1. Determine whether segment 36-51 contains at least one residue that is within 10 Å of the ligand (Cβ to nearest atom), part of a helix (DSSP H, G or I) and at pLDDT 95 or above.
2. Could you list all residues from segment 134-174 that are within 13 Å of the chain's Cα centre (by Cα) and more than 23 Å from residue 63 (Cα to Cα)?
3. Among (1) at pLDDT 95 or above; (2) under 26 Å from residue 137 (Cβ atoms); (3) surrounded by 13 or more Cβ atoms within 10 Å (Cβ to Cβ), where does residue 14 come up short?
4. Considering only segment 161-210, how many residues are outside any loop (DSSP other than H, G, I, E, B) and touching a residue at least 60 places away in the same chain (Cβ under 8 Å)?
5. Restricting the search to segment 5-25, which residues are under 14 Å from the mean Cα position of the chain (by Cα) and within 10 Å of the ligand (Cβ to nearest atom)?
6. Can you name every residue in segment 118-145 that is within 18 Å of residue 190 (Cα to Cα), touching a residue at least 40 places away in the same chain (Cβ under 8 Å) and more than 10 Å from the ligand (Cβ to nearest atom)?
7. If residue 148 satisfies all but one of (1) within 25 Å of residue 16 (Cα to Cα); (2) within 15 Å of the ligand (Cβ to nearest atom); (3) surrounded by fewer than 20 Cβ atoms within 10 Å (Cβ to Cβ), what's the number of the condition it fails?
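The values are calculated or read from the model by the stated rules, or taken from the named source; none is laboratory data. This one's a predicted model, so the numbers in the text were calculated from it and none came from an experiment. Cβ sites come from the backbone with ideal geometry, for glycine too, and all protein chains shown count toward neighbours.
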Ligand SMILES: C[S@@+](CC[C@H](N)C(=O)[O-])C[C@H]1O[C@@H](n2cnc3c(N)ncnc32)[C@H](O)[C@@H]1O
């Protein structure tokens, strides 16, 4: 799934992955169950492969700073415009850089290739929210993605990772099936991994049923970058 594939999806508006409602796991683990409201202004959440996810809006409205990366200019502009957020645009290194221009919220999005990010781009990052990002990538890119994630993070950064697993013979991705074994293979060298919850969501996913799936298990993990160097 190279960038051109995604740019074409955005240009044809084939964005079935985009959700109108906030992700319930994000709202649970970063809402009432998460850091106290007064601590949140110190927390900055990285949203890789962010699309125009309204989860970024939720994070901002709930006191977190947000930093996204997304290759599609259309997705980035739609995010700000559809959410009626004023924004500024500048060129920075090889990325286009967008950020909210209202004092009330801090949302920054690099429009460019995730794989070209440098460690200093993630300075001050404390948390990562990965929904429909790892699972958007085919198996050979997932390893590169996990290695890049390890390279970008300082010890202690936490990731809330949402994966999907299903019988890959029933449907071609994306989204791809990513099993618990794969999560361990990808991340165990550099992260401690805690499985938080899982649920078969097929009855809530008519789009996936229509593509032939009989089961679709969503699993949520907490990854914490450990001290091992990369
Ligand atoms: C399946 S969508 C998920 C979007 C978002 N996480 C959400 O929950 O709606 C994957 C997104 O990653 C973007 N993308 C894919 N490869 C990328 C790359 N190498 N760098 C930056 N963005 C990329 C695509 O344009 C697409 O918007």
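1. Within segment 36-51, the first condition is being within 10 Å of the ligand (Cβ to nearest atom), and the residues that meet it are 47-51.
Filter once more, so that each one left must be part of a helix (DSSP H, G or I): none.
Within segment 36-51, none of the residues are within 10 Å of the ligand (Cβ to nearest atom), part of a helix (DSSP H, G or I) and at pLDDT 95 or above.
2. Across segment 134-174, the qualifying residues are 134, 135, 136, 137, 145, 146, 149, 163.
3. Of the numbered conditions (1) at pLDDT 95 or above; (2) under 26 Å from residue 137 (Cβ atoms); (3) surrounded by 13 or more Cβ atoms within 10 Å (Cβ to Cβ), the odd one out for residue 14 is (3).
4. Here the count works out to 5.
5. Once the filter is applied, which keeps residues that are under 14 Å from the mean Cα position of the chain (by Cα) and within 10 Å of the ligand (Cβ to nearest atom), segment 5-25 yields 17, 18, 19, 23.
6. 122, 125, 126, 127, 128, 142, 143
7. Answer for residue 148: the failing condition is (1).
Residues are listed down the side, and each one gets a yes or a no for (1) within 26 Å of residue 145 (Cβ to Cβ); (2) in contact (Cβ under 8 Å) with a residue 40 or more places away in the chain:
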position	(1), (2)
23	yes, yes
27	yes, no
34	yes, no
38	no, no
42	no, yes
45	yes, yes
48	yes, yes
54	yes, no
60	yes, yes
